[in-house]
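Comments concern the structure below.
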Amino acid sequence: MKTALIVVDLQNDFCPGGALAVAGGDQVVEPANRLICHFRQQGTLVLYTRDWHPANHCSFKPWGGPWPAHCVQGTAGAQFHPLLDVPADAMIMDKAWTPDSEDFSGKSSSELFPRLAHAGVQRLVLVGLATEYCIKATAHDARAEGYEVMVITDAIRPVNIRPGDEQRALDEMRARGVQLFTSVECIALLHGPKIT
Ligand code: VGL
Ligand code: ZN
């Protein structure tokens, strides 16, 4: 089965020190890099999404939204984490890049699913930030489109605005048939020695 790795919003503003910091957000870079390395060695598709807002985005508090300004196009906060492995020819998909568009899902980058379908991909592996927003929304949209979805538990982190948000998101994903694996399990499953 053809598989693609989607690296979701691993940007400075979602990491400690950033405008919308997720606790431990930077800790997902290492397992994400391990998966990126494995997928590249296998010649498998790796795509990156970016939260990519204009300065007057509707999700920002001054414009009536819930969030502090974050991931503003062209700023340091919107750049990928400096240790994230992003090849020069990386496929990058930007989301929510007009003032009125707020969509957490990678689907909102209209190229994402058509591109995957064109490449014959049937299974997605998701890593990145944040668990109950962009990871969950992308996972659910992918399930609705018929993809098999694996979310990598050590390579995601929640915002946890309310206690329990993370657990609820994991439960909702499981209920929709999303499979949860650690990065080690994922690599062993997809790229480990074949048992015959
Ligand atoms: C995200 C909150 C606001 C995310 C984006 O990438 O999960 N969360 N914008
Ligand atoms: Zn955002």
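Some observations on this one:
- Considering Phe14, Phe113, Phe39, the condition of being crowded, with 22+ Cβ neighbours inside 10 Å and under 16 Å from the mean Cα position of the chain (by Cα) is satisfied by Phe14 alone.
- Per the conditions (1) of a type in the set (S, T, N, Q); (2) within 13 Å of ligand 2 (Cβ to nearest atom); (3) farther than 17 Å from Thr131 by Cβ, the sole criterion not satisfied by Thr3 is (2).
- Selection status of Pro82, within 16 Å of ligand 2 (Cβ to nearest atom), farther than 30 Å from Pro193 by Cβ and open to solvent by 50 Å² or more (accessible area, probe 1.4 Å): no
- Region 132-158, residues that are open to solvent by less than 40 Å² (accessible area, probe 1.4 Å), within 12 Å of ligand 1 (Cβ to nearest atom) and touching a residue at least 40 places away in the same chain (Cβ under 8 Å): Cys134, Ile135, Thr138, Ile156, Pro158
The values are calculated or read from the model by the stated rules, or taken from the named source; none is laboratory data. If you're wondering where the values come from, they're calculated on a predicted model, not measured in any experiment. Every residue, glycine as well, gets a Cβ built from its backbone with ideal geometry; the counts of neighbours run over all protein chains shown. Just the protein is used for accessible areas: all its heavy atoms, side chains included, with ligands, DNA and RNA removed. Shrake-Rupley method; radii C 1.70, N 1.55, O 1.52, S 1.80 Å.
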